[in-house]
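Asker: Take this structure, written in structure tokens, and hold onto it; I'll ask about it next.
The values are calculated or read from the model by the stated rules, or taken from the named source; none is laboratory data. The structure displayed is predicted, hence computed values, not measured ones. Here Cβ is always computed from backbone atoms with ideal geometry, including for glycine, and neighbour counts include all displayed protein chains.
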Amino acid sequence: MSADLRAITEALNRLVAAQQKGVLDYANVGLLLLTLFVLVVYTLETLKLRRAAQRQNEIAVVPMLAVYLGSQPNESARDIYLENVGPGPAFNISIDKVVWAEDCHLDIDFNTNVMKPGQRQVLAFHRWQGNSGSNLGINDLYFDMNLNTIPNPLRVVVRCASLSETNYQFLFSCTPVEGRLKITFDQKTEDSRTRSRPSPKRSS
């Protein structure tokens, strides 16, 4: 039991004992009530400060995962990248499989499930229809979305955990716009789902 809770319990015990002594102890009862009130207020304020400190600590280590179009220095070829642009490392990274039919889905593969701040890696897209699979580049994604052979927009859900073991999910949308593929960030939320630790994926 914490010191604050013990103090409140002791004040309640003194209050009960004082009530049993009769009318002459009303002043003592009033003092005990005031003491109890102060202890309750102090405990609540302490909890608020503790939660605020915990939140500040989480902000200092929160990962921020971004999915975007980019290229290597001095290269014209463009790829789709996953990068940790936050101040803290990202652990247990996973990307949800995109399923749009009973036998059709899209795997999004990457090289490692841990990323330090500033680290990035290329994402590889692999479409499956039954037992048949094919790799999709940026142009393939663009044309397949235009033809509606894969979902349009294509929703990409990235999940990870922070250093404090808080789970997060990041939502992105890929759409074909005016002759090019466009990726937009939708939202970041805390992920309440309990996830097992995935093995690092390898791009094919």
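Asker: Kindly provide the set of residues from segment 98-118 that are over 14 Å from Val158 (Cβ atoms) and out of contact with any Lys or Arg (no Cβ under 7 Å at 6 or more places or on another chain), ordered by number.
Answerer: Of everything in segment 98-118, those that are over 14 Å from Val158 (Cβ atoms) and out of contact with any Lys or Arg (no Cβ under 7 Å at 6 or more places or on another chain) turn out to be Val99, Trp100, Ala101, Glu102, Asp103, Cys104, Lys116, Pro117, Gly118.
Asker: Looking for something under 30 Å from Leu181 (Cβ atoms) and at pLDDT below 80 - is there at least one such residue anywhere in segment 76-99?
Answerer: Pass one, segment 76-99, residues under 30 Å from Leu181 (Cβ atoms): 76-99.
Remaining after also requiring at pLDDT below 80: 76-77.
Checked against the condition, which is being under 30 Å from Leu181 (Cβ atoms) and at pLDDT below 80, segment 76-99 yields at least one hit.
Asker: Considering only residues that are part of a loop (DSSP other than H, G, I, E, B) and loosely packed, with under 13 Cβ neighbours inside 10 Å, look in segment 179-194 and name the one that is modelled with the lowest pLDDT.
Answerer: Filtering segment 179-194 for residues that are part of a loop (DSSP other than H, G, I, E, B) and loosely packed, with under 13 Cβ neighbours inside 10 Å, the one modelled with the lowest pLDDT comes out as Thr194.
Asker: If a residue has to be more than 20 Å from Asp96 (Cβ to Cβ) and surrounded by 12 or more Cβ atoms within 10 Å (Cβ to Cβ) to count, how many in segment 147-171 make the cut?
Answerer: So the count comes out to 2.
Asker: Can you confirm whether segment 97-118 contains a residue that is in the same structural domain as Arg159 (by TED's automatic domain parsing), closer than 19 Å to Phe170 by Cα and touching a Cys at 6+ places or on another chain (Cβ under 7 Å)?
Answerer: No, segment 97-118 contains no residue that is in the same structural domain as Arg159 (by TED's automatic domain parsing), closer than 19 Å to Phe170 by Cα and touching a Cys at 6+ places or on another chain (Cβ under 7 Å).
Asker: May I ask you to say which residue of Pro200, Pro151, Pro176 is within 20 Å of Gly70 (Cβ to Cβ) and either at pLDDT 95 or above or not β-branched (Val, Ile, Thr) (or both)?
Answerer: Checking each option against the conditions leaves just Pro176.
Asker: Just wondering, is there one or more residues in segment 16-34 that are in contact with a Lys or Arg (Cβ under 6 Å, 6 or more places away or on another chain), at pLDDT 75 or above and surrounded by 12 or more Cβ atoms within 10 Å (Cβ to Cβ)?
Answerer: Yes, some residue in segment 16-34 is in contact with a Lys or Arg (Cβ under 6 Å, 6 or more places away or on another chain), at pLDDT 75 or above and surrounded by 12 or more Cβ atoms within 10 Å (Cβ to Cβ).
Asker: Within segment 163-173, can you find the residues that are more than 17 Å from Tyr68 (Cα to Cα) and among the hydrophobic types (A, V, I, L, M, F, W, C)? Talk me through it step by step, then tell me what you get.
Answerer: Of all residues in segment 163-173, those more than 17 Å from Tyr68 (Cα to Cα) come to 163-168.
Within segment 163-173, just Leu163 meets the criteria.
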